[in-house]
1. Provide the solvent-accessible area of PHE8, counting protein heavy atoms only and rolling a 1.4 Å probe, rounded to the nearest 10 Å².
2. Take every Cα-Cα distance within the stretch 261-358, group them into 10 Å bins from 0 onward, and report for each bin the whole-number percent of pairs it holds.
3. Relative to the longest principal axis of the C-alpha atoms of the chain, give the angle of the C-alpha long axis of helix 121-130, reported between 0 and 90° and rounded to the nearest 10°.
4. Dimensions of the chain along principal axes (Cα, Å, largest first)?
5. Would you mind telling me which residue in GLU289, GLU123, GLU35 has the biggest mean-square fluctuation in a Gaussian network model of the chain, where springs connect alpha carbons within a distance under 10 angstrom?
6. Just TYR217, TYR283, TYR305 to compare: in a GNM of the chain, with alpha carbon springs under 10 Å, which one fluctuates most?
7. Calculate how many DSSP beta bridges within the stretch 48-357 are antiparallel, expressed in % of all such bridges and rounded to the nearest 5.
8. Taking 0.36 nm per residue of separation and subtracting the Cα-Cα distance, what length does fully extending SER41 through VAL327 add?
Amino acid sequence: MKRYFYLFGTLAVLLISGALLLQTPAVQDTLVQREINQRMSNTPEDLFSDDALRVTLCGSAAPMPIKGRAAACVMVMAGGKFYIIDTGNRSTNNLGLWRIPAARVGAVFLTHFHSDHMGDLGEFNMMTWAQGRKAPLDVYGPVGVKQVVDGFTLAYALDSAYRTAHHGEEYLNPAIGQMIAKEIALQGDSATVLDDGNLKVTMFAVNHAPIHPAVGYRFDYKGRSIVISGDTTKVETTITYSKDADILFHEGLSRNIVKQMEVESGNTGNDQLKKIMFDIQDYHASPIEAAEVANEANVKELVLYHLVPAPPNKVAEWVFMRGVDSVRSSGVTVGYDGLTYVLPIDSKEMYQEDLNDR
Ligand SMILES: [Zn+2]
Ligand SMILES: [Zn+2]
């Protein structure tokens with residue numbers, strides 16, 4: 001009993017002195033300094049080594065608001081650079097939290113011009129410029145991308161001028177802060193967007209009618225491959241251009257859940273939302289259809305992203321994924337922000353990590 005009394009007493013003294021120490025400015029400064037050091041020195045340079053093709057989900061959601069997920073964004077890392085496919089709103093925040101080095105930006109590719117795919121374009125351009133990008137930002141997309149780039153450029157013109165005036169041209173050179181629209185016209189159902197001998201990027205048409213144009217992208221790098229569907233129904237071109245790919249990132253909408261949301265909107269008298277919930281059901285693919293696409297294309301791994309709606313918990317995820325198992329029992333992952341795949345060159349292996357854990 002006496003021993004416990006002493007133990008308890010010592011513990012209490014330690015806790016109280018610890019709490020008092022935390023109130024001391026010198027101790028607070030040391031702790032903050034340590035945090036700053038850790039954050040500033042800890043850039044994930046290993047993501048850019050030449051031994052693998054890598055991909056990170058920088059946004060797994062769609063327009064519906066959800067905690068902890070940005071709207072559509074995929075980051076592909078190859079040959080020392082990173083490429084962003086869709087700058088969905090809040091995705092730039094993710095890239096900042098993961099300390100992705102701006103100097104390594106390769107280009108942006110847009111799939112179509114719904115706001116959940118390009119809402120952060122202005123922020124992405126501004127933040128990478130401010131953080132030391134070395135050249136203007138190339139923004140590839142189907143016809144229409146010039147209008148989008150011109151619009152963001154106009155909206156950010158005052159801010160860009162403020163930054164240069166405040167920090168000086170040597171640091172924030174307006175020529176480097178520009179975006180360059182690279183409008184790509186499809187030849188038939190596809191077009192080669194980039195090909196430097198190692199990395200080849202192919203754009204292909206998908207079906208997001210009545211939205212035209214809408215495209216997906218395939219990245220091939222030293223024998224490894226990643227496909228991003230963009231927004232689409234189950235469509236033949238995605239199967240064709242995903243043939244034998246290592247990973248297919250395919251959008252997914254649960255008609256089951258969205259139908260319930262439609263009914264509930266009607267019940268609560270929100271006719272505007274009811275109409276939208278009805279309309280969106282026919283221009284996306286269900287998780288089961290995405291699994292069929294993955295099977296028919298013989299891809300190794302299917303990652304569902306652009307989740308409509310993104311499941312907030314495990315039960316909702318089970319409902320979202322209901323029926324997928326009977327179509328494709330393995331090689332399916334429900335995406336989340338930070339999910340990363342490493343695909344080593346000269347190998348058939350791939351492994352996952354979570355950038356939030358770094
Ligand atoms: Zn979308
Ligand atoms: Zn869309």
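1. Accessible surface of PHE8 is approximately 150 Å².
2. Taking every Cα pair in the stretch 261-358, the percentages come to 13, 34, 33, 15, 4, 1.
3. 50 degrees
4. Largest to smallest, the principal-axis extents are 80, 57, 53 Å.
5. In this elastic network of the chain, the residue with the biggest mean-square fluctuation among GLU289, GLU123, GLU35 is GLU35.
6. Checking each option, the largest mean-square fluctuation is seen for TYR283.
7. Taking every DSSP beta bridge within the stretch 48-357, about 60 percent pair in antiparallel fashion.
8. Using 0.36 nm per residue and subtracting the Cα-Cα distance, I get 98.4 nm.
The values are calculated or read from the model by the stated rules, or taken from the named source; none is laboratory data. A quick note: this is a predicted structure, and the numbers were derived from the prediction, not measured. All Cβ positions, glycine included, derive from the backbone under ideal geometry; neighbour counts span all protein chains shown. Quick note on the areas: whole protein, heavy atoms, side chains included, nothing else; ligands and nucleic acids left out. Shrake-Rupley method; radii C 1.70, N 1.55, O 1.52, S 1.80 Å.
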